[in-house]
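Read through the structure below, which is laid out as structure tokens, and then see the notes.
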Amino acid sequence: MVTRILNCSTEMSSVTDKSVSTIDDTNEMQFLNIRENELVHQRFLIVHGQVSSVTGNDDKIVVNHPTLPAIEFPAVDGYFKAVVGLEAGANELEFEYMQRNTCICKGSLTVKMEPFTDKPALRLAVIIGKDSPKTFDAPPDSRGPGKNDLDAAIRKLRCSAYLWQAFMAEQMRREGFGFRTFNLEENYEKDTMFSDDKQRMTAKVHVVRSTRTVAEIRAESYAQQWKPLVGEKHKPLGQMELAQEALLKTGWFNDHNVVCLILDSQWDKKRGIVVGHGAVGSQSRNRRLAVYGSYTTHAWPGNMHEVPARFLDTGEIDKKYVYNNEKQSSKLWQLTNIGMGEHLHMCAVTMGPTNSPSGIASRGYQNLNRAFMAREPGWEGPVRQEDEAGAHWHRTDAVRLRHHPFMRLPSDQLPSVVEKTETGFEVLAVDDGLLMCNESGLAMIEVKVNGALRGYIEYTAENFDCRKSGEIFATKEETIAVHPTQVVLDLDRLRKLAGEWQTTDSIGLVLTTGQCVWNRFNIRELVSILERQTDHASKKVFMSSQLWWDRPQDTNVYFTLLSAQDCDSASSVSKLKSIEIFMGWRVNGIIFHMDNGKTQRIGKCNSDEHHLLVLKPDDDLDRIIVNFGSLIEGIEVVTTKGRTTGWLGTSNGKRHVLKPPSGYAWAGVSGYYNEWLKSLTMLYSKSD
């Protein structure tokens, strides 16, 4: 069971409550998930509808558009789903419900579409070997020009991406976040999404030639399915490494989310694995990449007209020619689900979701067809919204996606400079629990036991009013801002979220910011923070967690208090006179000069380059900003009056802000060092 604190506007008793319209007893067409003249920002839209008092399992819905070719989708017992194309402006759609080629009911719907280009776009790419034959695996009847060549791969990847885009918008709508989805990089060219092949704005697919041969791409040590024998091992990153290598040579890879298809994947019957394939995703800061092999591409639709046929294809998969995972996909329509769905999961990984209790990120993509279709092979009756099973995002995935910059809506408030700055998370011990801090603001706190989600708290614009009114329980800090920068989690609240646990259980937190940056913390580490206390001058002194990438080896540890032993307070007020930072290739060391003439130092303070920040009597240390990786890469010291050393060092690594929580003051620092300053820990205590 997962405990949640929800957006009150989306706490709904049933799936049908999320529908816009209700069905009456008249023979009238109703649209269930969109209103007349509603505004969306994506090119394709999934429309759910129903004609009451109609039975029939071989019906269809025909959607006519003023300028686009007609689209047909199956309908069952009056219920239908259809993926409709939209163009900029007002789209006046006509729906015809057909039984035995006779229209028994018509409905009209106007949908407004305005492209929203003021946000990053997802890029699509096909990676090919330098000697690639430019074909992908396919059964004999699906081979040939335009069927399993590079042109077909481009069309199929484009169509798949537009289906993902439509799926994302519908799922986010259901979660109360509006028709929110990602953009695709588009170009004005021949549009393969419809049968007319006219010139339109359509998704651009980059063809990227690798410097690797096909044989190298298909090496078994790069294959995800390969199981090494004793003494053998996989390449570290496999197909991800090969794709990154090819993309880096393009010059445009940095700062883009890229979804790749490896064209030269192949079913190796002798070894019983697919070579040249890996289903992997990366969330690196400026190289966010999803990689997938082409072994299922033959089962994907190449345009919108082919979507129903692909999701209804009950043909057997012949292992003589293509891969068949008999446990999941003995039929072609099931392979369509797995290929497009698993690739969607990898695409989503670049924006946040990884593994969840349910939904697409929990192998729910095996039901992907149900998001688009009212009919499924072997299913009696219509596939309604409540029957879509795994074809959804878990609520925590939806909250994370809602805050990703790629998923912005025009109505979203633009993030401030502080909110856009990627800062690290701090988890600090305070008298009444654990204080979680992030200057960008927190969007969600998840509690996991042995890796399984037990509960979560979300902070969204959609539930802010409910937090302020008390409709949702919230502490004072949680009602100050949409994304609070500080949240105290006491042990009682933690237990309510996590439920029962054993002393041997692994208990952790996942913190997500309002910009969809997130980090994990193990509860043992958090408990140790509460235990990291010492006494000085009759005051309790807390310690923050150590800032390091890996625990430094062969280093000296230095512990210093920012007040001399004869001081009667652990606070640095009127005690700290100046701070001197010594620089080399990175940060060498720091000297704290006290007003009684004593000094406290950490690190090696003998380099020629040094920077002195003098504090006036009414000023004090406010915060230390650091970037750290394998060592302290850069540093900036800021006083309570706003005086600063300026940024010293590089901007490599992760950024963290060391600042005592409200009601506490600096007491000191500790850290590890050898030739360079390797780590820093903040010491703080209750203010007088």
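Things worth noting here:
- Pairs where the first residue, in the range 333-353, is at positive phi and the second is assigned to a helix (DSSP H, G or I), C-beta under 6 Å, 6+ apart: 352/400; 352/401
- Filter result for residue 249 (assigned by TED's automatic domain parsing to the domain that holds residue 223, out of contact with any Gly (no Cβ under 6 Å at 6 or more places or on another chain), closer than 17 Å to residue 128 by Cα and basic (Lys, Arg)): yes
- A count restricted to the range 340-393 and to residues that are assigned to a loop (DSSP other than H, G, I, E, B) and of a type in the set (Asp, Glu) stands at 3.
- Of the residues making up the range 606-640, those that are of a type in the set (A, V, I, L, M, F, W, C) and surrounded by 16 or more Cβ atoms within 10 Å (Cβ to Cβ) are 613, 615, 621, 624, 625, 626, 628, 631, 632, 635, 637, 638.
- Of all residues in the range 466-478, those satisfying the criterion of being surrounded by 15 or more Cβ atoms within 10 Å (Cβ to Cβ) and in a helix (DSSP H, G or I) are 466, 467, 477, 478.
- Selection over the range 215-267 of residues that are farther than 21 Å from residue 348 by Cβ, crowded, with 16+ Cβ neighbours inside 10 Å and aliphatic (A, V, I, L, M) gives a count of 6.
- When residues in the range 195-214 are screened for being part of a loop (DSSP other than H, G, I, E, B), over 29 Å from the mean Cα position of the chain (by Cα) and crowded, with 17+ Cβ neighbours inside 10 Å, 1 of them pass.
- The residue that is modelled with the lowest pLDDT, among those in the range 123-150 that are of a type in the set (Ser, Thr, Tyr) and not in a loop (DSSP other than H, G, I, E, B), is 142.
- Residue, nearest to the chain's Cα centre (by Cα), within the range 215-246, restricted to residues that are under 20 Å from residue 130 (Cβ atoms) and among the small types (Gly, Ala, Ser): 243
- Meets criteria (on the phi < 0 side of the Ramachandran plot, part of a loop (DSSP other than H, G, I, E, B) and of a type outside the set (Asp, Glu)) for residue 192: yes
- Within the range 479-508, the residues that satisfy the criterion of being assigned to a strand (DSSP E or B) and under 11 Å from residue 442 (Cβ atoms) are 486, 487, 489.
- Of all residues in the range 670-688, exactly one satisfies the criterion of being assigned to a strand (DSSP E or B), surrounded by fewer than 19 Cβ atoms within 10 Å (Cβ to Cβ) and either without any contact (Cβ under 8 Å) to a residue 40 or more places away in the chain or of a type in the set (S, T, N, Q) (or both), namely 670.
The values are calculated or read from the model by the stated rules, or taken from the named source; none is laboratory data. Note that this is a predicted model, so its numbers are computed, not measured. Here Cβ is always computed from backbone atoms with ideal geometry, including for glycine, and neighbour counts include all displayed protein chains.
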